Amino acid sequence: MCIIPDMKWTVGKLIKRATEILRERGIKSARLDAELLLAHSLGFKDRIKLYTEFERPLTEEEVENYRQLIKRRAKGEPVAYLTGEKEFFGFTFKVQKGVLIPRPETELLVEVVYDYLKDKEDKTIVDVGTGSGCIILTLYKLLGDKHRYIGTDISSIALKVANENKELLGCNNVEIVKMDLLKEINYPVDVIVSNPPYIPFGDKKLDKEVLKYEPAVALFGGKSGLEIVERLIGESAKKLSSNGFFAIEIGKGQSKGVKKLLEKAGFRNIKLHKDLAGVERVISAERG
Ligand SMILES: C[S@@+](CC[C@H](N)C(=O)[O-])C[C@H]1O[C@@H](n2cnc3c(N)ncnc32)[C@H](O)[C@@H]1O
């Protein structure tokens, strides 16, 4: 790792050197990552501050702390695990290893559910596989106390992080509960939302960084990729109130298969929603 310890480093020079190192390791977002990690390392809330302090000399300790972060990033560790946070829908979510890093594509799922709920009141919403809590906590921030909100997950780390985010974002009225899909839900549910694990085992297209660092329980949906989705659709058909709303994120190329599963389970008004890249990323439906 060639950030020479006794050289006179300034903010600007260090960013330049770290960017070169990350680029040499094939990291596409090298400059952005170098800036995000230096801003985090120096305790800056906003990376723009780096530009107002471009000529600022750094202490040996500051250089060493940053060197350690760049070393880990160069090996492929995601920036969000190094900084411990990720932006989603304009809110900052705490993340750590063992919990999926919220993805920009998932914002579409929030938009679809928000559109359905915005003019309604007194609905019970369950987010299955809540992870960091990014979906259910964002819905609460957007819609407030007029509905009831529940986030479930099977992973203890996810539940811990979702609870921390609930505190940080001031979402006291959101319940976070440990559960296998919808197993223990014994009350009427009006909306089921989920970004379930949907990647097939052994998917060759899966990014190596994701495979190495993100939790398998959050990624894989069995051999076909749709094992959890199929279970979730079956359980949702039983637990949703009549006319209840169902919306989940799906992977590229899965829309046909998931549509069939929904039809078989008796859902109607099935709609596909495309993300910014034109991929059918979200599927929504109503219970018949
Ligand atoms: C793709 S991640 C989504 C996390 C978060 N909702 C998001 O969008 O960033 C899937 C989540 O489902 C959880 N999960 C996996 N199997 C589950 C099950 N049988 N019951 C409940 N949650 C499950 C995982 O722990 C993980 O947090």
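Tell me yes or no: at least one residue of segment 126-134 is farther than 17 Å from Phe93 by Cβ and within 15 Å of the ligand (Cβ to nearest atom).
yes
Restricting to segment 22-35, and then to whatever is surrounded by 20 or more Cβ atoms within 10 Å (Cβ to Cβ) and aliphatic (A, V, I, L, M), can you tell me which residue is nearest to Val63 (Cα to Cα)?
It comes out as Ala34.
With respect to Ile199, determine if the residue is near the ligand (Cβ under 9 Å from one of its atoms), surrounded by 17 or more Cβ atoms within 10 Å (Cβ to Cβ), of a type in the set (Val, Ile, Thr) and without any contact (Cβ under 8 Å) to a residue 60 or more places away in the chain.
yes
Select from segment 162-180 the residues that are touching a Phe, Trp or Tyr at 6+ places or on another chain (Cβ under 8 Å) and either closer than 15 Å to Asp127 by Cα or within 13 Å of the ligand (Cβ to nearest atom) (or both) and list them in ascending order.
Within segment 162-180, Asn165, Cys171, Asn173, Val174, Glu175 meet the criteria.
Sort out which residues of segment 135-155 are more than 13 Å from the ligand (Cβ to nearest atom) and either among the acidic types (Asp, Glu) or part of a helix (DSSP H, G or I) (or both), and write them in order of number.
Tyr140, Lys141, Leu142, Leu143, Gly144, Asp145, Lys146
For segment 203-247, which positions are part of a loop (DSSP other than H, G, I, E, B) and either surrounded by 18 or more Cβ atoms within 10 Å (Cβ to Cβ) or in contact (Cβ under 8 Å) with a residue 12 or more places away in the chain (or both)?
Those that are part of a loop (DSSP other than H, G, I, E, B) and either surrounded by 18 or more Cβ atoms within 10 Å (Cβ to Cβ) or in contact (Cβ under 8 Å) with a residue 12 or more places away in the chain (or both): Asp203, Leu206, Glu214, Pro215, Gly221, Gly222, Lys223, Ser224, Gly225, Leu226.
Here, each number is a calculation from the coordinates, and none is a lab measurement. Keep in mind that this is a model prediction, so the values were computed, not measured. Positions of Cβ are backbone-derived with ideal geometry, glycine not excepted, and every protein chain shown enters the neighbour counts.
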